[in-house]
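Colleague: To start, I am sharing the structure in question, which I have written as structure tokens.
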Amino acid sequence: MRAAFSKAIVDAAKADPKILLLTGDHGYALFDDFRKALPDQFINAGIAEQNMVGVAAGLAKAGFKPIVYGLAAFVPVRVLEQIKIDICYENLPVILIGDGAGLVYSHLGTSHQSTEDIACTRAIPGLTILSPGDRFEMAAAMRLALSLHSPVYLRMGKSDRGDIHSAELILSAGEMLKVGGGSANTAILATGSMVRTALDLVEQGLDAEVWSVPSIKPFNCKQLNDIAKNVDLIVTIEEHSIIGGLGACVAETISISSTLPVCRIGIEDRFSNACGTWDYLLKEHKLDAASISYKIHEFITRIKIGSSVK
């Protein structure tokens with residue numbers, strides 16, 4: 001996925017000299033091709049992320065198209081006020097890239113883990129939020145972001161879980177993409193790294209259809225309601241807090257027009273207890289495939305018990 005991102009920005013910047021890449025002293029290997037091909041369009045702003053966002057806003061007002069890169073714990077979380085006031089209040093065409101979203105910087109601890117970035121950015125008016133699940137969605141998300149004339153936050157996981165699509169695709173803002181499973185009574189809506197996990201569960205025998213949600217905001221309420229009409233349960237899975245993320249988007253939308261149950265699976269309201277590998281932290285937060293499967297079956301059992309009591 002990161003290779004697809006690197007290629008996308010190099011190709012775009014070659015085609016448009018107004019595109020500039022700003023980094024907060026991160027991503028050196030990732031940007032080797034960009035720096036080699038387009039040194040005059042690369043700015044290392046140093047470990048000063050708030051200033052970097054302000055610089056990007058000024059460049060956007062001068063007619064440039066800045067892409068601002070940082071770890072998701074810093075962009076957007078550390079610079080939320082600057083994103084709100086400097087970029088979004090002015091509706092400036094700045095693309096913000098948050099790399100290493102979720103738990104993937106596991107060994108660096110809570111300071112480098114970003115489990116609240118969607119929740120933080122969703123409430124900022126005018127900010128599009130994209131969360132691609134593989135290299136094809138990444139390329140499509142970058143094309144979409146570059147076509148907009150407004151602020152975008154693109155959430156990127158550092159670990160590549162493998163492809164969920166088999167070919168290039170075109171992504172529209174708000175669009176959900178069916179990626180697996182047949183017609184079933186359960187629909188799984190997943191985003192980012194968790195799409196691959198959802199597909200793995202179906203391949204292991206879980207009876208569900210799987211939808212990838214690469215666009216968190218805007219959110220396609222009509223498409224969700226159409227999905228909801230054909231199932232008895234919706235499950236959301238995300239490498240993000242259950243508060244304010246994809247699960248919240250879905251539950252808020254469903255509650256307006258339906259009583260359909262929504263099982264939200266994500267990171268509970270707590271920090272990580274320990275450092276370790278990414279796989280270790282997924283297990284700690286019960287986001288590994290076995291734990292997710294158990295949560296889904298437990299939720300279904302509770303629904304059945306509740307129905308029988310009534």
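The values are calculated or read from the model by the stated rules, or taken from the named source; none is laboratory data. Predicted model, so just to flag it, every value in this text is computed and none were measured. Glycine gets a Cβ as well: all are built from the backbone with ideal geometry, and neighbour counts include every protein chain shown. These area figures cover heavy atoms from the full protein model, side chains too; ligands, DNA and RNA do not enter into them. Shrake-Rupley method; radii C 1.70, N 1.55, O 1.52, S 1.80 Å.
Colleague: It is to be established whether one or more residues within the stretch 178-195 are open to solvent by 40 Å² or more (accessible area, probe 1.4 Å), closer than 25 Å to Thr128 by Cβ and of a type in the set (A, V, I, L, M, F, W, C).
Modeller: Checked against the condition, which is being open to solvent by 40 Å² or more (accessible area, probe 1.4 Å), closer than 25 Å to Thr128 by Cβ and of a type in the set (A, V, I, L, M, F, W, C), the stretch 178-195 yields no hits at all.
Colleague: Would a scan of the stretch 66-83 turn up a residue that is surrounded by fewer than 20 Cβ atoms within 10 Å (Cβ to Cβ) and farther than 25 Å from Phe271 by Cβ?
Modeller: no
Colleague: Moving on to the next point. State yes or no: is Glu203 open to solvent by 30 Å² or more (accessible area, probe 1.4 Å) and either more than 20 Å from the chain's Cα centre (by Cα) or within 19 Å of Ile164 (Cβ to Cβ) (or both)? Spell out the reasoning first.
Modeller: Working: open to solvent by 30 Å² or more (accessible area, probe 1.4 Å): yes; either more than 20 Å from the chain's Cα centre (by Cα) or within 19 Å of Ile164 (Cβ to Cβ) (or both): yes.
For Glu203, the condition - open to solvent by 30 Å² or more (accessible area, probe 1.4 Å) and either more than 20 Å from the chain's Cα centre (by Cα) or within 19 Å of Ile164 (Cβ to Cβ) (or both) - is met.
Residue by residue, here is whether (1) without any contact (Cβ under 8 Å) to a residue 60 or more places away in the chain; (2) of a type in the set (Asp, Glu); (3) open to solvent by less than 20 Å² (accessible area, probe 1.4 Å) holds:
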position	(1), (2), (3)
Gly126	yes, no, no
Ser131	no, no, yes
Arg135	no, no, no
Ala141	no, no, yes
Met156	no, no, yes
Arg161	yes, no, no
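Colleague: For the stretch 268-284, state whether one or more residues are hydroxyl-bearing (Ser, Thr, Tyr), modelled with pLDDT of 95 or more and in a helix (DSSP H, G or I).
Modeller: yes
This table checks each residue for (1) assigned to a loop (DSSP other than H, G, I, E, B); (2) at negative phi; (3) open to solvent by less than 90 Å² (accessible area, probe 1.4 Å).
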residue	(1), (2), (3)
Glu252	no, yes, no
Ile256	no, yes, no
Thr259	yes, yes, no
Leu287	yes, yes, yes
His297	no, yes, no
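Colleague: Say whether the condition of being without any contact (Cβ under 8 Å) to a residue 40 or more places away in the chain, assigned to a helix (DSSP H, G or I) and of a type in the set (Lys, Arg) is met by at least one residue in the stretch 74-83.
Modeller: No; the residues of the stretch 74-83 include none that is without any contact (Cβ under 8 Å) to a residue 40 or more places away in the chain, assigned to a helix (DSSP H, G or I) and of a type in the set (Lys, Arg).
Colleague: So which strands (runs of 3 or more DSSP E) stay within the stretch 169-245 end to end and still have 3 or more residues that are of a type outside the set (Gly, Ala, Ser)?
Modeller: Because the criterion is at least 3 residues that are of a type outside the set (Gly, Ala, Ser), the strands (runs of 3 or more DSSP E) in the stretch 169-245 that meet it are 177-180, 186-190, 209-212, 233-241.
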